[in-house]
Amino acid sequence: MKIALGQINPTVGDFSGNAAKMIEFSRRAQASGASLILFPELAVCGYPPRDLVERPSFVARNRETAEQIAEATRGMKVICGLVTPAQSETGKSVMNSAALLQEGKIAFLQSKMLLPTYDVFDEMRNFAPAKGQSLFSLNNDHVALTICEDAWNDKLFWPKRLYTVDPIEKLITAGGNLVLNISASPFWIGKRELRRDMLASIARQHKVPVAMVNQVGGNDSLVFDGSSIVLNAEGDIIAQGRSFEEDLIYFDSESLAGDVHEQIEGDVASVYAALVLGTRDYMRKCGFQKAIVGLSGGIDSALTAVIAVDAVGAENVIGVGMPGPYSSPGSIEDARALAENLDIRFELLSINCAYEAYRATLQGVFAGTKENETEENIQSRARGTLLMALSNKFGAIVLSTGNKSELGVGYCTLYGDMVGGLAVISDVPKTLVYRLSRYVNSGRRAIPESTLEKPPSAELRANQKDSDSLPPYEVLDAVLEDYVEDARSAERIAADHGFDLELVRRVIRMVDRAEYKRQQAAPGIKISPKAFGYGRRFPIAAKSEV
């Protein structure tokens with residue numbers, strides 16, 4: 001049997017749009033001789049729907065849409081993800097399910113057993129787990145149909161399992177000889193390789209082919225990379241979808257031959273593709289056509305502007321230079337040069353008058369006090385006010401430009417440089433910002449070389465440099481990775497890297513103190529195993545002891 005994998009980019013709640021896409025892909029697959037097509041987890045309603053599943057109208061529309069897809073794809077077998085009512089008097093009212101659509105109706109339903117509750121996942125909040133699963137027949141195959149996490153509990157692959165049951169093992173023991181998995185598995189650095197190795201382990205262990213179709217596209221902070229894959233019983237790749245774009249691939253369940261499409265390789269190239277896709281989809285799915293980026297002449301705003309241009313086109317990006325009393329001529333020149341290189345509209349709006357007006361207004365109440373970060377932050381907030389005024393006037397989204405290193409330690413100003421609707425690089429450490437910028441420039445002339453070479457500075461006081469307040473970024477990023485992503489102690493971090501223990505403790509205190517800022521920040525695009533946001537939930541009012 002020729003089987004297709006429909007790697008699509010659904011939008012949460014867009015039932016008509018998702019259905020149209022699934023019907024189109026199904027007809028294309030049928031025209032190419034396929035008898036069955038697989039679509040991703042919860043493709044009918046989009047993933048993750050979160051608390052939308054608590055609305056009865058949402059669940060009802062979801063079922064109606066699945067039935068419409070079944071009717072429109074007669075003559076073709078379709079497997080897709082949808083929400084179904086839970087058959088239980090207690091607990092959650094809905095389940096995360098997969099349906100086999102055949103001859104105009106739902107012919108088979110299978111619901112997800114393993115509901116993840118770690119990192120960005122909170123499925124136990126929304127869904128009831130299936131109590132059991134069963135096989136269905138497809139020509140000569142007994143199919144083990146599973147949903148995403150159901151494949152993530154192989155005892156031979158994981159050193160420590162999260163669940164006591166392995167749905168795939170149970171289905172194979174019951175006679176399954178073909179594993180089909182529909183997924184919405186988000187991207188982060190190393191995730192594609194982990195996913196591939198895990199599925200290959202399942203194939204080799206159970207001596208069965210494994211096919212996984214994965215969602216692609218951005219939904220809020222999450223980016224789904226696609227990279228759908230089919231492996232033979234030896235764990236070799238026989239079919240593979242592209243990364244970070246929609247795709248339709250085929251494989252034959254008997255000959256085990258299929259389409260192998262090229263993927264984006266390497267961490268830097270993959271992260272860049274994820275940031276572009278995440279920005280494009282966030283804007284498109286939220287209804288924004290244009291983006292505004294404050295251009296300081298620094299590396300962070302430069303990279304954000306390049307990503308925006310690649311996401312929505314130069315004609316839809318506005319760069320705004322906002323020089324202040326401590327802005328260097330070189331920074332203004334770099335901002336203008338970047339805009340010229342990218343061919344974007346550029347506006348230069350000085351904050352000097354606004355800054356002096358604020359100082360004059362506050363002069364009496366500040367009498368007798370010394371200047372400190374208060375006056376620095378007034379400059380940043382004046383810039384934020386201008387950006388949001390432009391956003392309101394032109395209906396464009398402001399893309400904030402802070403990186404993960406700054407956000408981690410609170411080296412950013414609330415209602416200043418943190419304003420915006422999307423924090424594009426908030427999960428990108430400063431050292432990776434430089435690598436991404438070099439990657440961008442390897443293919444074209446975009447970011448001025450002087451921007452890459454000058455020491456980072458917020459330019460909020462005379463001769464200011466980031467190194468005045470922070471450790472070298474190579475040190476800071478190493479500490480943040482160990483503490484934020486791996487929850488290591490100060491003593492362990494210092495010993496592993498040979499860092500001064502008090503320096504590590506100081507960084508950790510800065511991270512903990514800045515939680516109140518991060519919880520007021522715009523959503524960012526997740527590209528690391530542990531990003532700030534709803535995948536990392538810490539109290540604000542808590543005592544830090546390191």
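The values are calculated or read from the model by the stated rules, or taken from the named source; none is laboratory data. None of these values were measured; they are calculated from a predicted model. Here the Cβ positions follow ideal geometry from the backbone for every residue, glycine too, while neighbour counts run over all protein chains shown.
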Counted residues, region 524-536 - those being surrounded by fewer than 19 Cβ atoms within 10 Å (Cβ to Cβ) and either of a type outside the set (Lys, Arg) or closer than 12 Å to Leu275 by Cβ (or both): 2
Check on Lys465, surrounded by 13 or more Cβ atoms within 10 Å (Cβ to Cβ), without any contact (Cβ under 8 Å) to a residue 12 or more places away in the chain and in the same structural domain as Glu373 (by TED's automatic domain parsing): yes
Single residue of region 23-57 satisfying the filter (under 25 Å from the mean Cα position of the chain (by Cα) and surrounded by fewer than 18 Cβ atoms within 10 Å (Cβ to Cβ)) that is nearest to Ile249 (Cα to Cα): Arg50
Among (1) over 18 Å from Leu422 (Cα atoms); (2) free of Cβ contacts under 8 Å to residues at least 24 places away in the same chain - the single one Val268 does not satisfy: (2)
Out of Arg506, Arg488, sole residue that is farther than 30 Å from Asp220 by Cα, surrounded by 14 or more Cβ atoms within 10 Å (Cβ to Cβ), without any contact (Cβ under 8 Å) to a residue 24 or more places away in the chain and of a type outside the set (Gly, Ala, Ser): Arg506
Thr164 surrounded by 14 or more Cβ atoms within 10 Å (Cβ to Cβ) and among the hydroxyl-bearing types (Ser, Thr, Tyr): no
Conditions (1) over 23 Å from Val424 (Cα atoms); (2) in contact with a helix residue (DSSP H, G or I) (Cβ under 7 Å, 6 or more places away or on another chain); (3) surrounded by fewer than 19 Cβ atoms within 10 Å (Cβ to Cβ): number failed by Leu452: (1)
Single residue of Val475, Val511 found to be closer than 18 Å to Asn403 by Cβ and buried (at least 19 other Cβ atoms within 10 Å of the Cβ): Val511
Residue satisfying condition, being modelled with pLDDT of 95 or more, acidic (Asp, Glu) and touching a strand residue (DSSP E or B) at 6+ places or on another chain (Cβ under 6 Å), within set Asp141, Asp197, Asp150, Asp225: Asp225
Per-region count, region 484-532, residues out of contact with any Cys (no Cβ under 8 Å at 6 or more places or on another chain) and assigned to a helix (DSSP H, G or I): 26
In region 411-448, residue farthest from the chain's Cα centre (by Cα) [restricted to those that are crowded, with 16+ Cβ neighbours inside 10 Å and closer than 15 Å to Asn341 by Cβ]: Pro448
Failed item, numbered, when Thr451 is tested on (1) outside the structural domain of Leu414 (by TED's automatic domain parsing); (2) closer than 30 Å to Asp343 by Cα; (3) among the hydroxyl-bearing types (Ser, Thr, Tyr): (1)
Filter result (closer than 30 Å to Ile425 by Cβ and either among the small types (Gly, Ala, Ser) or at pLDDT below 95 (or both)) within region 235-263: Gly241, Ser243, Glu262, Gln263
Residue list for region 242-256, restricted to those being surrounded by fewer than 18 Cβ atoms within 10 Å (Cβ to Cβ) and in contact (Cβ under 8 Å) with a residue 12 or more places away in the chain: Glu245, Glu246, Asp252, Glu254, Leu256
Matching residues in region 322-332 - criterion: being surrounded by 15 or more Cβ atoms within 10 Å (Cβ to Cβ) and either without any contact (Cβ under 8 Å) to a residue 40 or more places away in the chain or of a type in the set (D, E, K, R) (or both): Pro323, Ile332
Residues of region 247-299 classified as over 30 Å from Pro329 (Cβ atoms) and part of a strand (DSSP E or B), total: 8
Test: residue in region 294-302 that is modelled with pLDDT of 95 or more, out of contact with any strand residue (DSSP E or B) (no Cβ under 8 Å at 6 or more places or on another chain), within 23 Å of Glu41 (Cα to Cα) and not hydroxyl-bearing (Ser, Thr, Tyr): no
Boolean, Ile527 is closer than 26 Å to Ala311 by Cβ and either in contact with a Leu (Cβ under 9 Å, 6 or more places away or on another chain) or among the basic types (Lys, Arg) (or both): yes
